[in-house]
Amino acid sequence: MTQEIIAKYPSNIALVKYWGKHGNQLPCNASLSMTLTHAFTEVKLQCTPKNNAAIELAYFFEGKPKDSFKERIIKYASQQKEFATLLQQYAITIHSTNSFPHSTGIASSASAFAAIAAALLKATNTFTDTNFKNQASSLARLGSGSACRSFFGPFALWGNLENVENATNEFAIPINTVHENFSSMKDAILIVEDTPKKVSSSVGHALMNNHPYANARFLDANNNCKTMLSVLKNGDFETFIAITEREALTLHAMMMTSQDYYMLMKPETVFIIEQIFNFREETKLPVCFTLDAGPNIHLLYPASIEKNVNELIEQRLKNKLKSVLYDQAGLGGVVN
Ligand code: DP6
């Protein structure tokens, strides 16, 4: 009999960035993210018992076969002992859809691997309810690092951090105490370019291996995670903004100063950042930006100032934008 599992997991946006990895998908520094709500991947996993040992896996993205990602999943699943048995015993079909358009700078590998890992783990039946999230987060990490943070919300921490109980490189952990200032954060994703990025994150991570600023960067990120943990408890917007924006610019500074240097920001990106600085200066409202590994801007703000931020977008930014995706902090995904 065919077993069917549906997993729906959101993407996340890092406030403190994961950039640089070693060993088996272990991060060089701790990172901290906000889990999204509307940008998600939904995976339908079908497992049908089979008698031969040959791997039978079909992968469909938005209804069409996608062989490049199919090969990535086969490689990934064969390497995890939990999933390798599943591949031997069942013919597997995966149908995946995203709620958001392609190449918009939303980390699709984060939501995709969170959903795939959760669905496959559920199919194995080798977990207890109390450890499901940790185990799924750990397995998702092996597919794509940032995916491990999509299991917890509204904020999640991933990576060893001195004096922070339970923090580990293996999987993400939830940040439980969040000040009301940050409990209903919004993220307006300002799309200035919607073509695929020139340099993959994997290549970017690898460039941190012999980066002249690597050690200083890893230390700075860990310190930023520690400060951000306090900020999320005490509601200090000013420090939240300072860390979030400096992290975004540091990520891009790392790209621009690696041996094979490159630049992902566009003139529109810089224009919008300047507009955000001006708007904040004039209004004193707590709105700030972050960037992923791409030119698009994530505008972060509490729900209480939504109206003002919509005005900012409509009046000062709209003519530089291809589109806007409105999202907000969320609690993670579900699998059934
Ligand atoms: C800039 O998680 O995409 O978004 O582990 O190689 O799949 P892999 O990398 P990935 O890197 C994300 C980098 C980032 C920052 C972040 O999300 O922390």
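The values are calculated or read from the model by the stated rules, or taken from the named source; none is laboratory data. Just so we're clear, the structure is a prediction, and the values are computed from it rather than from any experiment. Note: ideal-geometry Cβ built from the backbone for every residue, glycine included; neighbour counts use all protein chains shown.
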Practice problem: Specify the residue that is farthest from the ligand (Cβ to nearest atom); the eligible residues are those in the range 1-35 that are of a type in the set (Gly, Ala, Ser) and surrounded by fewer than 24 Cβ atoms within 10 Å (Cβ to Cβ). | Solution: Gly23
Self-check item: Single match in Leu331, Leu325 (criterion: outside any helix (DSSP H, G or I) and more than 26 Å from Lys197 (Cα to Cα))
Solution: Leu331
Quiz item: Does Gly153 count as crowded, with 16+ Cβ neighbours inside 10 Å and either touching a Phe, Trp or Tyr at 6+ places or on another chain (Cβ under 9 Å) or among the aliphatic types (A, V, I, L, M) (or both)?
Solution: no
Quiz item: Across the range 56-72, what is the number of residues that are aliphatic (A, V, I, L, M) and modelled with pLDDT under 95?
Solution: 0
Practice problem: Test Ala147 against the stated conditions and say whether it is under 17 Å from the mean Cα position of the chain (by Cα), more than 18 Å from Tyr18 (Cβ to Cβ) and surrounded by 21 or more Cβ atoms within 10 Å (Cβ to Cβ). | Solution: no
Practice problem: Just need a number here: residues in the range 70-113 that are of a type in the set (A, V, I, L, M, F, W, C), in a helix (DSSP H, G or I) and surrounded by fewer than 19 Cβ atoms within 10 Å (Cβ to Cβ). | Solution: 2
Quiz item: Could you say whether any residue in the range 150-157 is in contact with an Asp or Glu (Cβ under 9 Å, 6 or more places away or on another chain), closer than 21 Å to Ser201 by Cβ and within 13 Å of the ligand (Cβ to nearest atom)?
Solution: no
Exercise. Output the residues belonging to the range 146-156 that are of a type outside the set (A, V, I, L, M, F, W, C) and in contact with a helix residue (DSSP H, G or I) (Cβ under 8 Å, 6 or more places away or on another chain).
Key: Ser146, Arg149, Ser150, Pro154
Quiz item: So which of Ser68, Ser78, Ser99 ends up being within 15 Å of the ligand (Cβ to nearest atom) and not assigned by TED's automatic domain parsing to the domain that holds Asp187?
Solution: Ser68
Quiz item: Counting only residues that are buried (at least 16 other Cβ atoms within 10 Å of the Cβ) and either within 16 Å of the ligand (Cβ to nearest atom) or without any contact (Cβ under 8 Å) to a residue 60 or more places away in the chain (or both), how many does the range 250-269 have?
Solution: 9
Quiz item: If you take the residues in the range 189-208 that are within 13 Å of the ligand (Cβ to nearest atom) and polar (S, T, N, Q), which one is surrounded by the most Cβ atoms within 10 Å (Cβ to Cβ)?
Solution: Ser201
Quiz item: Restricting attention to the range 158-174, which residues are within 14 Å of the ligand (Cβ to nearest atom) and under 15 Å from Cys225 (Cβ atoms)?
Solution: Trp158, Gly159, Asn169, Ala172
Exercise. Go through the range 242-257 and count every residue that is in contact with a helix residue (DSSP H, G or I) (Cβ under 8 Å, 6 or more places away or on another chain) and either aliphatic (A, V, I, L, M) or more than 15 Å from Asn224 (Cβ to Cβ) (or both).
Key: 3
Exercise. Kindly check whether there is at least one residue in the range 37-49 that is in a loop (DSSP other than H, G, I, E, B), more than 16 Å from the ligand (Cβ to nearest atom) and either within 18 Å of Ala123 (Cα to Cα) or in contact (Cβ under 8 Å) with a residue 12 or more places away in the chain (or both).
Key: no
Quiz item: Going by the structure shown, is Ile116 of a type in the set (A, V, I, L, M, F, W, C), outside any loop (DSSP other than H, G, I, E, B) and in the same structural domain as Phe218 (by TED's automatic domain parsing)?
Solution: no
Quiz prompt | Among the candidates Ala119, Ala107, Ala140, Ala136, residue that is among the aliphatic types (A, V, I, L, M), in contact with a strand residue (DSSP E or B) (Cβ under 6 Å, 6 or more places away or on another chain) and modelled with pLDDT of 95 or more | solution = Ala119
